[in-house]
Amino acid sequence: GADRPMLSGDGDNPLASDEEGSPARVPRTHKTLLGTNVIDDAEGWHYVMVFNRATSASQPMRKAAEVLQDCVTPRMLEPWSQEEPSFFDKVQEGRITRGEFYDAIWSRTLQVLSGRACGFRLGFKPSLDGSSTLLYIALSSRETVDQLADRIGMKIRVTPLSYAVKGITCPEVAPTLEQRVGLVKAPQKFAPVYLKYESSRKEGFRAAAADRIQKAEETIDDIAREWSCSSLGCKARVRRLMRLDDMRAAALAVMVHRLESARFSKELEIAEAVAHAQAPAPRSRFAFIGGCFGSEAKEHGLFQTYREMFEEMNVFLERHNVDLEHEVQSCASEHERFHVRFARWSPPRFPDLEGYKSANLYDEITHLDILRLVKRRLAQFVNVALLEKHGIIDGFFPPHCTSEIHRLTERWASLHPGDLIQWPGNQHDDMVRNYFGEEVAFFFDWLSYMTRMLMFPAFLSLVSGATIEYMEE
């Protein structure tokens, strides 16, 4: 603690130590924000804790033992009492001054939070008026974030792609009325479940996906060696494969990959020549693959085998799924049906083979999730609310991120005349939620909803007022 800055000392003295884990002085960076030159020194930090410098440092600290019990958790208090018994003797006897007490909590907080076991990166700087010291706190690395999320058991949203890997449909958010009538153009939103974050489950998900792909390739190869359109046994094996949700998704990813694979380049070249002879205009990759099934391409047995197996898979699925069956009902030819089926199990609607293998179970841990992790981790050592109540700190808050503010002002809070009259929809809800949190985002979502609902009564009032004025004249 000797090389750590003291609250009651000179705030302009830089911290001399550059050792790993030691707090560093936060540099000041000048940026222009909304036309104003501001000091941006919060980039990369997650929270700021404002420690109060004791104005009456020489006065005795009243009820120091009770304040210490309130503000510091047993996890931090017990080893502290063993390492510095003289300090606790002074606290118990009431012989400690306010300045000494504040400095002791400051120094111990730096020591604990900057330790490797805690996982924080720290920085500090004095306030502009010199009345307090700002302690900047951030999680040191992405690996630390993953470890804390695993240890705390934080719930993280799973990816929509993981649903496809498991062969089930990801729930979708019903489109709004504005989206249905075309007033707001927004991509379809998914509503996946939140699961407890576990690193072992995350790694196990990828390993299981790779294992299913390997089993699907082996099964498909075995069926292809014995395949015949008239063989009921082969068709039964295909149907059994399609009944398994997770294996079904792996088998379809393998089949699409096989149909596009360079392993069949010779067959595809012949089919391409046939397709170009029949239709010289450029076509999509779906139409191109579909054109591979002309009379010349049928001569190639292996390619034809995979085509027939792929068709059998889709026919079985369409018998048990009304939505899939509806997609091909309007197709007038075999080529169109294949085009629809191939597009159905190809990106972006369905992961390709590499996407299946590398699919993540959990969504990316967002900045908002990291803020929650920091608060929960800090709560294991200190009680922030009681620190503020007893006057040891003046505040605890996440600093603003100028890049995110720029993005918000350009798309959501813009003062441009064209943006002021934009439709009050929910197209910016996710962006607001990811920065301000759910509570603030819900307020603006409700405000937009009320604005939309009041537009029709407002229109009627204008018409009514204009009609009354016209009749009076």
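The values are calculated or read from the model by the stated rules, or taken from the named source; none is laboratory data. None of these values were measured; they are calculated from a predicted model. Quick reminder, even Gly has a Cβ in these numbers, built from the backbone with ideal geometry, and neighbours come from all protein chains shown. Keep in mind that these areas ignore ligands, DNA and RNA; they rest on the heavy atoms of the full protein, side chains included. Shrake-Rupley method; radii C 1.70, N 1.55, O 1.52, S 1.80 Å.
Sorting Glu66, Glu312, Glu100 on solvent-accessible area from highest to lowest, probe radius 1.4 Å, gives Glu66, Glu100, Glu312. Inter-part distance, the range 157-216 to the range 398-428, computed on C-alpha centroids, equals 28 Å.
With 20 Å as the limit, the listed pairs Lys215/Lys235; Lys166/Lys235; Lys155/Lys202; Lys155/Lys357 have Lys166/Lys235; Lys155/Lys357 beyond it between alpha carbons. For the peptides 155-167, 315-327, the ranking by packing is 155-167, 315-327, with the highest mean count of neighbouring Cβ atoms within 10 Å listed first. Shown for the range 323-473: the carbon plus sulfur share of the solvent-accessible area, taken with all protein chains present and a 1.4 angstrom probe, equals 60%. Protection proxy ranking for 355-362, 106-113, using the average of other Cβ atoms within 10 Å per residue and placing the highest first: 106-113, 355-362. The mean accessible area for residues of the range 393-473, using a 1.4 Å probe and ignoring ligands and nucleic acids, is 72 Å² per residue. The listed residues Asp429, Asp89, once ranked by accessible area (1.4 Å probe) with the largest placed first, stand as Asp89, Asp429. Nonpolar atom fraction for the range 79-154, defined as the carbon and sulfur part of the 1.4 Å probe accessible area, stands at 46 percent.
When each of the peptides 237-247, 463-473 is scored by the mean number of other C-beta atoms lying within 10 Å of its residues, the order from highest to lowest reads 237-247, 463-473. Comparing Cα centroids, the range 229-259 and the range 56-129 end up 66 angstrom apart. Two numbers describe the Cα atoms of the range 317-404: Rg and Dmax, which are 26.1, 78 Å.
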